[in-house]
Amino acid sequence: EYLPGDIVSVYSLCDDGKSLVTIPNKRIWGTASNTLIGEVVMDDSYIKPAMNICQQFSFMYNINMEMKISDEGIPRVFDINPRIAASTAIFRSFGYSLPYFSIKMALGESLELPPIHDNMVMMRYLHEIFYKKKGKQFFEV
C-alpha cells in the first residue's frame, strides 16, 4: 500500500505493555532514518495505535514506531523498533531523557515524568571539518 502522508516517529516508554508516555514526532525534513527537522504532535490518531501495539506485545522500556498516513487518513505502522531512535533528542528540550527513564525503571526507581511540550520543533544541523591528507596522515586545514 502506498502511504502518501508524513512520516511520524512515535516513541513510547513502556512497562510490561503499559505505555507510560507516548510522544509522536512528525518528520518535517530528513531521510527515512534521520530526522533533521521534526515537530512534536500530540495527536491521538498516532498515540492510540502505538499504545495498543505496546500492550499487544507487552513491550518494555523504549519502543520506536514509524507511521505514515494512508489515502483514507488512517495512520499505518510500517516499522517497529524495540530501541531508542536517533530523534529522541527532540524530547531533551523539555526534560525527557528516554534512556535515563529506562535505566531508572530497570533499577526499580520511581519516575517523575515532566509535561510534554506539544508543537516543539527540533532542527539539526551539520558542521563539516576539513582535513588535508599528506601520505597516511591527516592535517586540519
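Quick note: the coordinates plus some simple rules give every number you see, no bench work behind them. Quantities reported herein were computed from a predicted structural model and do not represent experimental measurements. Cβ placement follows ideal geometry from the backbone for every residue including glycine, while neighbour counts extend to all protein chains displayed.
Assorted remarks:
- Between the amide H of Cys14 and those of Leu20, Tyr61, Asn62, Ile63, distances stay under 5 Å, these residues lying 5 or more places away or on another chain, with hydrogens modeled in the peptide plane.
- Between the beta carbons of Gln56 and Ile129, assuming R0 = 30 Å, the FRET efficiency works out to 0.05 to the nearest 0.05.
- Couplings for the range 96-112, taken from phi via the Karplus curve 6.51 cos²θ - 1.76 cosθ + 1.60 with θ = phi - 60°, read 9, 10, 4, x, 4, 4, 5, 5, 4, 4, 4, 7, x, 8, 6, 10, 10 Hz in order; Gly and Pro are left as x.
- Take the convex hull of the alpha carbons in the range 2-76; its mean projected area over all directions comes to 4.8 nm².
- Label assignment, mean projected area of the Cα convex hull in nm² derived from the structure, set (1) 11.8; (2) 9.2; (3) 9.7: (1)
- Helix 44-56 axis versus longest C-alpha principal axis of the chain: approximately 80°, rounded to the nearest ten.
- Taking GluC sites (Glu not before Pro) in DSSP loop states with no more than 10 other Cβ atoms inside 10 Å as exposed sites, the chain has its longest site-free stretch at 2-71.
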